[in-house]
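Report on the structure given below.
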Amino acid sequence: MSKKGEEIPDYKKDKKRVDGRKMDELRPLSIKVGVIPNANGSAYVEWGQNKVYATVYGPREALPKHTQNPFKAVVKATYRMAAFSVPDRKNPRPNRRDQEISKVLSEALEKSVFVEQFPNTEISVFVEVIDSNAGSRVACLVAASVAMADAGIPMRDLISATGVGKAFNEIILDLNKEEEDAPDAVDVPLGILPNSDEIVLLQMDGLLTKEEWKKVIALGIKGCKQVYEIQKNALKEKFELGNVSESDDSGNALEKKKETGKKMKEEKGKEKIKERSEKEKKVKK
Amino acid sequence: MKEVVVPGQIVSEDRKKLGSNVYVANGRIYSKVLGITDTEGEYANVVPLNGLYMPVQDDAVIGIVSRVVFAGFGIDMNSFATSFIPKSAMREELRVGDVISAKVSYVNELREADLDFARKMQGGEIIEVTPVRVPRLIGKNASMLELLKSGTGANIIIGKNGRVWARDGDIGLLKELVSFIEANSYKSHLTSTIEEMLKKKKKLK
Amino acid sequence: MRSTILEYEISKVVEMAKEGKRLDGRKADEMRKLTIETGFAGNAEGSARVRLGETEVVAGLKMLTGVPYPDSPNEGSISIGAELLPLANPDYESGPPSMVEVEIGRVVDRGIRESKAIDFSKLCIREGELSWIGFIDFYAINSDGNIFDAGAIAALLCFMQGKIPKLDEKDKIIKGEFTGKLELKRLPILTTFVKVGGTILLDPTYIEEKAAEARFSVSTTEDGFMAAMQKGIGGSFKAGEIDEMIEKAFEVGKGVRAKISKL
């Protein structure tokens, strides 16, 4: 980080974007884990106006049989948008854009999974956008990765992602629709494995110089790290809620535990998360 | 110290033997799954929150007949690969939906399981649990299982593949206890907690 | 994988239904908990999320302009479609609309259209030239049965919010500006039953639908009309059973209407 950190643009403090954000500020991001009971793993992400669901089914037998690979699992992501999720009604049939995004998402996700543990199977990932405003594919990748972890699939790392790029002559994080429509707009959907900073999703549309690119990628990675913290906390929260009580040796009845346990746990969970992140900071130093 | 970790998070800075659900990169031990760390012994382990059943030799399992063909029966194992029992190995005819108990005799490199000692279960009910939490239902030296049996008066067979078969006795109470154990599977002294609960309900003396 | 345990549970559901019992402990004529949420989709002219037990459906309304049909030059129209996303259930597959999806979409569509809740003549912009078409698309997000009723409530909630966009002088929609709202004269509520082991069950779960011999849906209004009916799946009902279900559907409709009209 240290060397890359120097590339992050130095903004004037009073400068604001069209929606009042700072140049390096994400839109509000919230993640809920385990929202779809039918699935092995699931997540719901609200990111600015974007709202997406992700589910994971499997690993399950890959069908038809010729799609099976005896050495590894196939990760197959399907990206779809609800007809009402865009300003003009979208034709419900999947178009070329949907197919391309499905492909790049599948490939990004596959890199994060220990696929060799599940020969002949498919890990099916479905993402559905129900409201959008620029950046739906990275919202989907963030949701899908969390859903995979929720499903208990063995992974090298989570995938954190964000949009980054340029608009109105500024290098900015997490472009909204208005910024994406700027005359000089450059949109870079970026997904990384946050432990190693390896890039698993990268696309770009627009004109960018080499110098600008360096700033874009440094800012993007910084943004991904912020997203990562939110992903981590969402998963841990689910873990805590899924395990009703904390106290080890009391013989209380279930009902009583449920009431008191929940509150205690929430606090304890937060402390733990704090401790953990502090620890990690030390490790990095 | 037990800690909740997500995939890719460091499990231990110390040199430890690699246990389950961990991997090594750059000399550090990382978690593969969302789970809770267990690093007190010489191994670094992560106990996962969720996950599929992966068959292991000698596991006792509860299967459901999913297909009947000329040569034998396809058995749903709650895993990603279906198992197969030849007709010659079964005394009884099986129909789709029948429940069997069996032992895993062999697991091949594609993680498909061969089954042995298959037996058709008459009647009863199946309670589904997260496979990774089954060990807590059995307990040390089957202490939890014995407690559940005496507390509910039910016949119980626990399949490692996340299925509990039970008949007779207080099945409602059993379901309640099983879901309690599932929800509290990371706590210590679970057996004594369950014992207390049963005593309060006057199911045990 | 889950489908096998389903096979096993289906026989259980049939056995229990014969004694009037259900797997989830409900009474035969008891509905699951209904929760609703509206207006989540900023790009839609109306949106709703409906949960019926574990079933979850999202729906959205898009108002578009089009040329009126020649046989009704002074009317607009509506169009309702259902999609059972593979996201929602391990048994669902991707692909073009299945027969099941077409049926669900059409039953929900008729339940609202035929109730005359929406005055189509008010959707006319210029006779014979331009009118509004209200497109509702609803999606199963988690499917535990009865997408019919959940979808119908979600669609109705979308119409209840129904904002009518403003047009510029070239008849193009001005984003974010509206001239008014759709008016609903009635609130038709679709109510679905299945027959399992000879017993009629209200608001079936996914397993109950799988176990069902026959299915019946009826759309009822607050002023005592039935707007649409559909009998589905192979089995049959006696006329007396239909009467019973209609009676119950009016009662259910009243409860649901009370809940959604508060919004």
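Please verify whether segment C:84-98 includes one or more residues that are closer than 18 Å to C:ASP203 by Cα, in contact (Cβ under 8 Å) with a residue 24 or more places away in the chain and either more than 11 Å from chain A (Cβ to nearest Cβ) or part of a strand (DSSP E or B) (or both).
The answer is yes; a qualifying residue exists.
Would you confirm whether any residue within segment B:126-135 is free of Cβ contacts under 8 Å to residues at least 12 places away in the same chain and within 15 Å of the chain's Cα centre (by Cα)? Please lay out each step first, then the result.
Narrowing segment B:126-135 to residues free of Cβ contacts under 8 Å to residues at least 12 places away in the same chain: B:135.
Still in the list and also within 15 Å of the chain's Cα centre (by Cα): B:135.
Looking through segment B:126-135, at least one residue is free of Cβ contacts under 8 Å to residues at least 12 places away in the same chain and within 15 Å of the chain's Cα centre (by Cα).
Among residues belonging to segment B:81-112 that are assigned to a strand (DSSP E or B) and not hydrophobic (A, V, I, L, M, F, W, C), point out the one that is surrounded by the fewest Cβ atoms within 10 Å (Cβ to Cβ). Walk me through how you get there before you give the answer.
Just the residues of segment B:81-112 that are assigned to a strand (DSSP E or B), to begin with: B:83-86, B:99-107.
The next check asks that each one be not hydrophobic (A, V, I, L, M, F, W, C); those that pass are B:83, B:86, B:101, B:103, B:105-106.
Working: B:SER83: 22, B:PRO86: 10, B:SER101: 19, B:LYS103: 17, B:SER105: 13, B:TYR106: 12.
Restricting to residues being assigned to a strand (DSSP E or B) and not hydrophobic (A, V, I, L, M, F, W, C), the top hit is B:PRO86.
Look through segment A:58-75, keep the residues that are crowded, with 24+ Cβ neighbours inside 10 Å and in a strand (DSSP E or B), and return whichever of them is nearest to the other protein chains (Cβ to nearest Cβ).
Residues of segment A:58-75 crowded, with 24+ Cβ neighbours inside 10 Å: A:58-59, A:73, A:75.
Among the residues that remain, those that are also in a strand (DSSP E or B) are: A:58-59, A:75.
Details: A:GLY58: 7, A:PRO59: 5, A:VAL75: 14 Å.
That would be A:PRO59.
Of A:THR78, A:THR55, which residue is closer than 16 Å to A:ALA234 by Cβ, in contact with a Ser or Thr (Cβ under 6 Å, 6 or more places away or on another chain) and either in contact (Cβ under 8 Å) with a residue 40 or more places away in the chain or facing another protein chain (nearest Cβ under 9 Å) (or both)?
Values: A:THR78 fails: closer than 16 Å to A:ALA234 by Cβ.
Sole residue among the options that is closer than 16 Å to A:ALA234 by Cβ, in contact with a Ser or Thr (Cβ under 6 Å, 6 or more places away or on another chain) and either in contact (Cβ under 8 Å) with a residue 40 or more places away in the chain or facing another protein chain (nearest Cβ under 9 Å) (or both): A:THR55.
If a residue has to be under 24 Å from C:LEU201 (Cα atoms), of a type outside the set (A, V, I, L, M) and part of a helix (DSSP H, G or I) to count, how many in segment C:122-173 make the cut?
Within segment C:122-173, residues that are under 24 Å from C:LEU201 (Cα atoms), of a type outside the set (A, V, I, L, M) and part of a helix (DSSP H, G or I) number 3.
Report whether or not B:VAL132 is crowded, with 21+ Cβ neighbours inside 10 Å, under 30 Å from A:PHE118 (Cβ atoms) and away from chain C (no Cβ under 14 Å). Talk me through it step by step, then tell me what you get.
On the way: crowded, with 21+ Cβ neighbours inside 10 Å: yes; under 30 Å from A:PHE118 (Cβ atoms): yes; away from chain C (no Cβ under 14 Å): yes.
So B:VAL132 fits the description; yes.
Given the conditions (1) surrounded by fewer than 24 Cβ atoms within 10 Å (Cβ to Cβ); (2) out of contact with any helix residue (DSSP H, G or I) (no Cβ under 7 Å at 6 or more places or on another chain), which single one is not true for A:ASN133?
(2)
Limited to segment C:129-146, what total is found for residues that are of a type in the set (Asp, Glu), under 28 Å from C:THR65 (Cα atoms) and facing chain A (nearest Cβ under 10 Å)? Quick ask: steps written out before the conclusion?
Going through segment C:129-146, the residues of a type in the set (Asp, Glu) turn out to be C:129, C:137, C:144.
Okay, now just the ones that are also under 28 Å from C:THR65 (Cα atoms), so C:129, C:137.
In the following step, the residues that additionally are facing chain A (nearest Cβ under 10 Å) were identified as C:137.
Counting residues in segment C:129-146 that are of a type in the set (Asp, Glu), under 28 Å from C:THR65 (Cα atoms) and facing chain A (nearest Cβ under 10 Å) gives 1.
In segment A:202-223, is there at least one residue being within 24 Å of A:THR55 (Cα to Cα), free of Cβ contacts under 8 Å to residues at least 60 places away in the same chain and in contact with a Leu (Cβ under 7 Å, 6 or more places away or on another chain)?
Checking segment A:202-223: at least one residue is within 24 Å of A:THR55 (Cα to Cα), free of Cβ contacts under 8 Å to residues at least 60 places away in the same chain and in contact with a Leu (Cβ under 7 Å, 6 or more places away or on another chain).
Determine, yes or no, whether A:GLY34 is on the phi > 0 side of the Ramachandran plot, assigned by TED's automatic domain parsing to the domain that holds A:GLY223 and modelled with pLDDT under 95.
yes
Which of the numbered conditions does C:ASP149 fail, given that it passes all the others? Conditions: (1) more than 9 Å from every other protein chain (Cβ to nearest Cβ); (2) at pLDDT below 95.
(2)
Inside segment A:25-52, can you point out the residues that are under 18 Å from A:PHE239 (Cβ atoms), out of contact with any helix residue (DSSP H, G or I) (no Cβ under 6 Å at 6 or more places or on another chain), of a type in the set (S, T, N, Q) and at the interface with chain C (Cβ under 10 Å from one of its Cβ atoms)?
Correct list: A:ASN40 only.
Of the residues C:THR55, C:THR65, C:THR38, which single one is over 26 Å from C:LYS175 (Cβ atoms), of a type in the set (Val, Ile, Thr) and surrounded by 14 or more Cβ atoms within 10 Å (Cβ to Cβ)?
Working: C:THR65 fails: over 26 Å from C:LYS175 (Cβ atoms); C:THR38 fails: over 26 Å from C:LYS175 (Cβ atoms).
Only one candidate passes the filter, namely C:THR55.
Among residues belonging to segment B:165-176 that are out of contact with any helix residue (DSSP H, G or I) (no Cβ under 6 Å at 6 or more places or on another chain) and in contact (Cβ under 8 Å) with a residue 12 or more places away in the chain, point out the one that is farthest from the other protein chains (Cβ to nearest Cβ). Break it down into steps so the answer makes sense when it comes.
First, the residues of segment B:165-176 that are out of contact with any helix residue (DSSP H, G or I) (no Cβ under 6 Å at 6 or more places or on another chain): B:165, B:167-168, B:171-172, B:175-176.
With in contact (Cβ under 8 Å) with a residue 12 or more places away in the chain added as a condition, the list becomes B:165, B:167-168, B:171, B:175.
Values: B:TRP165: 11, B:ARG167: 13, B:ASP168: 17, B:ILE171: 12, B:LYS175: 11 Å.
The selected residue is B:ASP168.
Filter segment B:113-131 down to residues that are assigned to a loop (DSSP other than H, G, I, E, B) and among the β-branched types (Val, Ile, Thr) and give me whichever is modelled with the highest pLDDT.
Keep residues of segment B:113-131 that are assigned to a loop (DSSP other than H, G, I, E, B), which gives B:122-124, B:129-130.
When the remaining residues are screened for being among the β-branched types (Val, Ile, Thr), the result is B:129-130.
Values: B:VAL129: 91, B:THR130: 88.
Filtering first and then ranking leaves B:VAL129.
From the set of residues in segment A:114-127 that are buried (at least 23 other Cβ atoms within 10 Å of the Cβ) and modelled with pLDDT of 95 or more, which is nearest to the other protein chains (Cβ to nearest Cβ)? Give the derivation first.
Of all residues in segment A:114-127, those buried (at least 23 other Cβ atoms within 10 Å of the Cβ) come to A:118, A:121, A:123-127.
After this cut, where a residue has to be modelled with pLDDT of 95 or more as well, the list is A:123-127.
Working: A:ILE123: 10, A:SER124: 7, A:VAL125: 9, A:PHE126: 4, A:VAL127: 8 Å.
Per the stated criteria, the residue is A:PHE126.
Please determine whether any residue of segment C:216-232 is in contact with a Gly (Cβ under 6 Å, 6 or more places away or on another chain), of a type in the set (Ser, Thr, Tyr) and farther than 12 Å from C:PHE148 by Cα.
Yes: one or more hits.
Can you go through B:LYS199, B:LYS149, B:LYS160 and tell me which one is facing chain A (nearest Cβ under 9 Å), among the basic types (Lys, Arg) and either more than 15 Å from the chain's Cα centre (by Cα) or crowded, with 18+ Cβ neighbours inside 10 Å (or both)? Walk me through it before giving the result.
Values: B:LYS149 fails: facing chain A (nearest Cβ under 9 Å); B:LYS160 fails: facing chain A (nearest Cβ under 9 Å).
From the options B:LYS199, B:LYS149, B:LYS160, the qualifying one is B:LYS199.
The values are calculated or read from the model by the stated rules, or taken from the named source; none is laboratory data. All values reported here derive from a predicted model rather than from experimental measurement. FYI the Cβ positions are ideal-geometry reconstructions off the backbone, even for glycines, and counts take in every protein chain you see.
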